[in-house]
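Single-structure report; data block below.
The values are calculated or read from the model by the stated rules, or taken from the named source; none is laboratory data. Predicted model only: the values in this text are computed from it and were never measured. Cβ sites come from the backbone with ideal geometry, for glycine too, and all protein chains shown count toward neighbours.
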Amino acid sequence: MANYYTLVPALPALAPLNKLQELPCSTLKLEQRLTMLDEHDRAQLECALRLCQRERLGDEALSDADEVQRWRDELAQIEDADLRALISDYLESRTLVAALRYRLAGQQNGHEFEGFSERLWLIQRNWQLPLFGLEGHFPWLARAREALEAGQARALEQMLLERFWERLRRFERAQMFSFAAVAAYRLRWALAEYRLRWDATAAQDSFDQWVTGVLARFGTGAEAPLWTGSEA
């Protein structure tokens, strides 16, 4: 077991996400410090990182149901209940945004939508409601819908990243000298890496191309595409 009283203070401070200009050191140097983790904790960390990875390469060929099942299988491997709940909330937020995107693109039948959420049945049942009847549970959902309808991919992505970042930061402080704190820190680092390489123009173009492609499918009478986790 790692000596977390030694490891945690050795992790360099991260600037707030909205002010981040660069990482405090290379990821290679960070990983060298994380070699203090034992094999078990390292496997747990890698699982958490994969679940929260924005670009999940290699999952493209999976069906929606298969990808959701993979998420469930991976999440079940996270032993810390609080960390598992935090990651579950993140996956659910991505599912909600994906549902908004698909409905905006023209998908009419909510029962065809697949996603990760204990409230999936509500999303499917309330597909025609503006916020699926979930605005009480997720106050941020209204802003997400507004950003989507305005085509503001950058604002939406920034909002989702900052929401998860802040939850991770609070979690990290509450856990202090533990594996969960290290995992939360490493997840924030991954978000920072993603944010630094994320180009606003590319993000907007990616969203526009995605919507154009989906609308073209509907226009040609093709079957409406279902959500895959990598879309959120």
- Could you tell me which residue of segment 5-23 is nearest to the chain's Cα centre (by Cα), considering only residues that are surrounded by 12 or more Cβ atoms within 10 Å (Cβ to Cβ) and within 21 Å of R167 (Cα to Cα)? L17
- Could you tell me which of the residues F116, F138 is under 30 Å from E31 (Cβ atoms) and either in a loop (DSSP other than H, G, I, E, B) or of a type in the set (G, A, S) (or both)? F116
- Query: Just to be sure, is A153 within 26 Å of A192 (Cβ to Cβ) and either more than 18 Å from the chain's Cα centre (by Cα) or among the small types (G, A, S) (or both)?
  - Reply: yes
- Counted residues in segment 106-135 being under 21 Å from the mean Cα position of the chain (by Cα) and among the small types (G, A, S) come to 2
- Note on the structure: Expected single match for modelled with pLDDT of 95 or more, within 14 Å of the chain's Cα centre (by Cα) and part of a helix (DSSP H, G or I) among E31, E92, E46 is E92
- Taking interchain pairs and intrachain pairs at least six residues apart, which have beta carbon atoms under 8 angstrom, with the first residue in segment 167-179 and more than 13 Å from D82 (Cα to Cα) and the second surrounded by fewer than 16 Cβ atoms within 10 Å (Cβ to Cβ) and of a type outside the set (D, E)? F177/Y5
- Message: Any residue that is buried (at least 19 other Cβ atoms within 10 Å of the Cβ), of a type outside the set (D, E, K, R) and free of Cβ contacts under 8 Å to residues at least 60 places away in the same chain - is there at least one of those in segment 71-81?
- Response: yes
